[in-house]
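The values are calculated or read from the model by the stated rules, or taken from the named source; none is laboratory data. Not measured: the values here are computed from a predicted model. Here the Cβ positions follow ideal geometry from the backbone for every residue, glycine too, while neighbour counts run over all protein chains shown. Ligands, DNA and RNA are excluded from the accessible area calculation, which covers all protein heavy atoms including side chains. Shrake-Rupley method; radii C 1.70, N 1.55, O 1.52, S 1.80 Å.
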2 protein chains.
Amino acid sequence: MSDFTLTCPVPLANYPRVLMAHGGGGRLMRDLIHNVFAAHLAPQHHTDSAIVPATGSRLAFTTDSFVVRPLFFPGGDIGSLAVHGTVNDLAMAGAIPHSLSAAFILEEGLEIATLLRVVQSMAAAARDAGVQIVTGDTKVVERGHADQLYINTAGIGFFKDARVLAPDQIQPGDAILLSGDIGRHGMAIMSAREGLAFESEITSDSAPVHREVHALLDAGIPLRCLRDLTRGGLASALIELSASSGLRFDLDETAIEVREDVRAACEILGFDPMYVANEGRFIAFLPLSCTKTAQNVLPNARIIGSVTATTEPLVTLRSPFGATRVLDLLSGEQLPRIC
Amino acid sequence: MSDFTLTCPVPLANYPRVLMAHGGGGRLMRDLIHNVFAAHLAPQHHTDSAIVPATGSRLAFTTDSFVVRPLFFPGGDIGSLAVHGTVNDLAMAGAIPHSLSAAFILEEGLEIATLLRVVQSMAAAARDAGVQIVTGDTKVVERGHADQLYINTAGIGFFKDARVLAPDQIQPGDAILLSGDIGRHGMAIMSAREGLAFESEITSDSAPVHREVHALLDAGIPLRCLRDLTRGGLASALIELSASSGLRFDLDETAIEVREDVRAACEILGFDPMYVANEGRFIAFLPLSCTKTAQNVLPNARIIGSVTATTEPLVTLRSPFGATRVLDLLSGEQLPRIC
């Protein structure tokens, strides 16, 4: 059953923390749903599923769970991240994000005030991104069986036209565009987690990017493929796309912007910014002839590399000193619970 | 990024248990996704979102997280339950279930063999229900921050026609149809959890119900509203629908089938079968004139009550001895982590 089904007005019960009974299907669950979820996310829904008009002949469908720790960090929180992550997954397919679901796993004992703060942040992020959160679910697990709260968002979006953005559309000669500076989300989380203070606070880049994507498309640029730079960062995204397209990517490190404070934090904590997660950055593959137009549309974007045919898929990075190294997937764990 | 993006063949690494690095965006995550998820659920997907053709002008969209304990129980497991739950939510809207997403939160230390068993069960349940699992996500949290594994499934479905099934469609004079016996899912879980052995094993009723729904619709029955009987059971579903429709429902307890072993288990454990969760049962509101047709279509279904206009929404239950009681939502927790 959709948890946004219940909207009969009941007073917010005087329970400052989540109880097992808040997930039990009875009066307390109705109370929580009415006062916390339905009040902020989807007050209008009365049926088991949300009903959405199909505004295109194809739709994009995606899902992500969010387990980020801590729940709140400079520049965002688990709620805004859960909206941005799924909006951006839809944007990467070239779709126009339309509706999201929101499913919560709550740990017994979680403060209701904390939950409310997260839900209000989700609502604000959804409004800002122009999407509606239309259906949801709530489960409660015993103390010690979650870490305060986890959120899953799934999303659907529609396409304006028949264009397909995919790795097999990438062509030799294409340029690789990076939409902005990298490494801020991961370093904002790590700084918050480790209690590190730098001269300037590093804020997450978490943001919806679908407007940037559609600005490129609306400018007539025949984008080949897009990829957001989440877990594993810029390097992992490129390595995966090189493998799936069967092409070689050569990158110029001087074109890849890393803010000084982010670079300093990476050095202190032992991270390579090329592998650090972002939540508001993407790469786009596009014809070389369109790079000037693309940079006019997105002034913060940079052309960071080029695509060539190869017998062996490969990603290389040329350093500012002229040395070239091959990038490979990391084996171990770099940044646990970053999203 | 969709976790089904990566399909380059890599050998299954020799890690019998989930490590934090399996969620880290690197080589181990690619390995897990390739060998466990993509191998069984959606081998064909290469883009961030799944692309689904819109086969109707409206679609239903729903989500549910599953935290059931234990993971395996007589008649099902968390994987099959996660498929049935979302398929059934779509069916309750009158939609034809089309595609599901599957997002996993894994606890560090989970046996890969356990995960594989769950994923194979999901794949079988999806095949059986005629839906595809088209997109997914994997997160890993530290030991003690989950209970083995949690699954979220979201789902989309399409409508054959413009019919709307909703509480406000229920009319005085309608009959209430129950699709089968109640209480088996909850009692199967509780028996497994408490290690109780009854003469006959109680198996969960967990099953997809969309074919039953569409058999009723295809027989020309103008269904008003459907509701599955999950958390809170038959009683809670009816109480909520009475409140949202503003109508009175009068039920005949003798028409509500509870198997003898389920009734015995309820008595031993102190549960009221009217409030026990089911995962393959639903109620349908339909014109009184259609009840014979409906029972021909679904031989296990029974007419359990009727709808009347009222100034005060109310659900009553007439016992076999002729006494009538008013049903109300439970306040506390009846069956934690039943789904």
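Listing for the model above:
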| quantity | calculated |
| --- | --- |
| Total residues in the range B:77-97, condition out of contact with any Cys (no Cβ under 8 Å at 6 or more places or on another chain) and either part of a helix (DSSP H, G or I) or at positive phi (or both) | 14 |
| Residue that is modelled with the highest pLDDT [pool: residues in the range A:50-63 that are open to solvent by 10 Å² or more (accessible area, probe 1.4 Å) and not small (Gly, Ala, Ser)] | A:Arg58 |
| Among (1) at pLDDT below 95; (2) touching a helix residue (DSSP H, G or I) at 6+ places or on another chain (Cβ under 7 Å) - the single one A:Val258 does not satisfy | (1) |
| Selection count where residues are among the charged types (D, E, K, R) and part of a loop (DSSP other than H, G, I, E, B), scope the range A:271-304 | 3 |
| Total residues in the range B:316-334, condition touching a Lys or Arg at 6+ places or on another chain (Cβ under 8 Å) and either within 14 Å of chain A (Cβ to nearest Cβ) or open to solvent by 70 Å² or more (accessible area, probe 1.4 Å) (or both) | 4 |
| Residue that is of a type in the set (A, V, I, L, M), in a loop (DSSP other than H, G, I, E, B) and in the same structural domain as A:Leu314 (by TED's automatic domain parsing), where the choices are A:Val262, A:Val258 | A:Val258 |
| Number of positions in the range A:297-323 that are free of Cβ contacts under 8 Å to residues at least 24 places away in the same chain and at negative phi | 4 |
| Test for B:Asp218: is it under 21 Å from B:Thr311 (Cα atoms) and more than 14 Å from chain A (Cβ to nearest Cβ) | no |
| Residue in the range B:218-250 that is nearest to B:Asp181 (Cα to Cα), counting only those that are hydrophobic (A, V, I, L, M, F, W, C) and open to solvent by 30 Å² or more (accessible area, probe 1.4 Å) | B:Ala219 |
| Where B:Ile268 falls short, out of the listed (1) at pLDDT 95 or above; (2) outside any loop (DSSP other than H, G, I, E, B) | (1) |
| Residue satisfying all of: in the range A:65-84; at the interface with chain B (Cβ under 9 Å from one of its Cβ atoms) and open to solvent by less than 10 Å² (accessible area, probe 1.4 Å); nearest to B:Asp89 (Cα to Cα) among these | A:Ser65 |
| Residue selected from the range B:3-38 under the condition over 21 Å from B:Gln148 (Cα atoms) and at pLDDT 85 or above, by the criterion least open to solvent (accessible area, probe 1.4 Å) | B:Gly26 |
